[in-house]
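Structure first, commentary second.
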Amino acid sequence: MPHPAMPQLAADFWSMTALVLHVTAAIAAVTLAMWLRPRADRLGTAGAATIAALVASALWSLAEAIELHGSLATTILEAARNLLWLLVIYRLFGADGRKDSVAPIRPVLLALVFVELMLLGIDLVLARVGADLELENMAAFLGVMLRLLVSVGALVLVHNLYGGASRDARRSLRWPAAGLAAIWIFDLNLYTVAYLAGTWPREIAALRGLATIALVSLFAIGASHGRDALRLRPSRAVTFQTFSLLLIGMYLVGMVLIAQWLAFAGGDFARLIELGFLTLASAVALVVLPSRKLRGWLKVMLTKHLFQHRYDYREEWLRFTRTIGNTGSQAPPLGERVVQALADVTGSPSGLLLLCDDGAEGPALAARWNWSAVSGPATLEPTFAAFLARESFVAEMDELRAGRTAMPPGVAAPDWLLDDPRAWAIVPLIHYDRLVGAVVLSQPELTRKLDWEDFDLLRVVGQQLASYLAENATQEALAEASRFDDFHRRIAFVMHDIKNLASQFSLLARNAELHAEKKAFRDDMIVTLRSSSEKLNAMIARLSRYGSGGVDRIEDVAADQVARAVVARFAGNSQVVLAECRPLRAMASRHSLEQVLVHLVQNALDASANGHPVFLSLVAEGHTARFEVVDSGSGMSPEFVRTRLFKPFVSTKSGGFGIGAFEARELVRAMRGSLEVDSREGIGSRFVVRVPLQAEQAADPTRNQEVA
């Protein structure tokens, strides 16, 4: 059994603890108030209110120290302390110099002030008229509930004070906000325990002085560090979440109060009535609170009454960028993203995109986002489209239907939109004073009238979207031009090869007139015709492959045989000399490789004077077969090699197409090789073609030493 003196000793201990802590808190509060008196400007407009709140806190602490809890004096001093600290919060909210910045806070502050005054009024009435024990217990229970409400509301204000401040302002608000949070977090826990236990928790209450000491210490730290100018910029997300939590808290407090009243007035069925009410209220909360319409209404109300601007432009821009920049494999087409980006601004659930076409009279339907079938032609009349572009006019369909929007003579909104109740607004997409298209937005879940801020933002977003659409149209036009360019290039290659074959046929016809009766000529003519036929067939096959490689199938070929075949093509010209030819095997297209070397040798002959040799050689170099064509002709300047040699359709030859060198380089690249040029004016040129060696020969370089 515990000793009879133990409870008394515990009570004395907690009384002494409360005395020491509260007296220490009172001394600290008075000391800080005296120190702040000449330095009140460090807390801005909240300086005087802070000094008064510190004095009230000191007096209340002294009253608690001498165990006056529950007395009228303690109630008055606690109410004064809370009211003055609420005034400090109010002053801190208004410290940015704008009257509008504190307007949204006043209703919450007034509600908390009303609760404090109601508590004070209840105690005054009970002290004057007296009451029985049951009524006093009810008043004490109600007082605990209302104190809980004040603590929750004050913490919400402190959270919004700091959370909605700019980064610079937070440096000054950090310590005062922490101090204010300390006292009300302690009170919240104290009164919560009192409510749950049904009695006053004396042990916890004895430690209330610690909260006051923390408050004074944190305010002292904040004041000693000076104060920067406060510029409050409440975040919409923080504000919306804070008010949502506040509403939920008020709902829960209301549920508890009504349930307790039902338990008190319900008689024999009190418990059943209380549980039934709580079940019904919880079900209503689960149905109503997640409602998108309720959230939309709450956002509209908060935006309308709490902020100078309707939109959080930073959030709008980030969301716009994410939507329009979504180009992944699962991303919707650009037209749908354009509609969605604009619909997100107004909360519209769907929309249409109408784009201008060169062949159409007005913008026509190009994309839909969450919009079912459209009745009618789904186009805008040219006069109406011109009016949208000229005036940058954002049309409200409800205003047009009601005839409240004045339109120029001969200009009218299309009937198919007037007849569709989903159509809510038409936003023009204008790019450099030219109408690119228009977006039709559907009615948002919470319909409202557009104002000047809506019009400005929709116009700016529309212009940005018009630039995206114009850029996309330009890219498509460039892609189409590229396809035409590829087609023209194929034709140019064909013309080049046909020109060479035509020259051969022309030479063959002239020689036939002179030597047709000679058997040797006829045999040579048959060989030439067969070769020309093969070239024509190869040209037709290559024509179908331009743009995707342009070469025959790459295979293992005898590179030395290709070199000898090229020299044999010029057998009648003693200028062409096979200088060195190693027995190498390369991975290439035989026909394409021969075509490249023939072209290079022919160009070397054209650039060389009669009697000057043109050398062709083949050696191994690393893992490549190296063909080299060298002449001592006129040569080329470095500027010509760099800017003109491989540029299509540029030629120094009379009647040339200027694609031979370009085609040769592209064919070599298609064989995973390279073509290099070294030329000097007046000295000559050297063309080096490298193609990969066959794998086994590349791995055993000793096989390349034998000279053929």
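Using R₀ = 56 Å, calculate the FRET efficiency as 1/(1 + (r/R₀)^6) where r is the Cβ-Cβ separation of ASP556 and GLN475; round to 0.05.
FRET efficiency, ASP556 to GLN475: 0.85.
Run the numbers for GLN504 and ARG174: contour at 0.36 nm per residue of separation, minus the present Cα-Cα distance, in nm. Spell out each step's value before the answer.
On the way: separation 330, 0.36 × 330 = 118.80 nm, distance 9.16 nm.
Here the segment from GLN504 to ARG174 would lengthen by 109.6 nm.
At each listed q (0.28, 0.30 Å⁻¹), what is the log10 of I(q)/I(0) that the Debye formula gives for the range 15-62 modelled as equal alpha-carbon point scatterers?
After summing over all Cα pairs, the log10 values are -0.91, -0.99.
Amide H to amide H, which residues 5 or more places from VAL436 or on other chains are under 5 Å from it, using H placed in the peptide plane?
LEU429, ILE430, HIS431
Could you tell me which of rounded, prolate or oblate describes the range 325-470, using a ≥ b ≥ c as the square roots of the eigenvalues of the alpha-carbon gyration tensor, with rounded for a/c under 1.5 and, failing that, prolate when a/b is larger than b/c and oblate otherwise?
Values: a/c = 1.37, a/b = 1.20, b/c = 1.14.
The shape class here is rounded.
Could you give the length gained by full extension between THR192 and GLU445, i.e. 0.36 nm per residue of separation minus their alpha carbon distance, to one decimal place?
Contour length minus the Cα-Cα distance gives 87.1 nm.
Using Cα pairs under 8 angstrom and six or more residues apart, how large is the relative contact order of the range 365-464, in percent?
27
If r is the Cβ-Cβ distance from LYS647 to ARG39 and R0 is 60 Å, what FRET efficiency results, to the nearest 0.05?
0.15
Name the long-range amide H neighbours of ALA425: under 5 Å, sequence gap of 5 or more, or other chain; modelled H, no Pro or chain starts.
Under 5 Å from the amide H of ALA425 lie the amide H atoms of MET397, LEU441, each far enough along the sequence or on another chain.
Over the range 552-705, what number does the Rg to Rh ratio reach, with both radii from the alpha-carbon atoms and Rh per Kirkwood?
Rg divided by Rh gives 0.96.
Provide HIS591, HIS159, HIS623 in ascending order of the number of other Cβ atoms located within 10 Å of each residue's Cβ, fewest first.
By the 10 Å Cβ count, ascending: HIS623, HIS159, HIS591.
None of the figures in this text is laboratory data; all of them are computed from the coordinates on show. Predicted model only: the values in this text are computed from it and were never measured. So basically every Cβ, Gly included, is an ideal-geometry build from the backbone, and we count neighbours across all protein chains shown.
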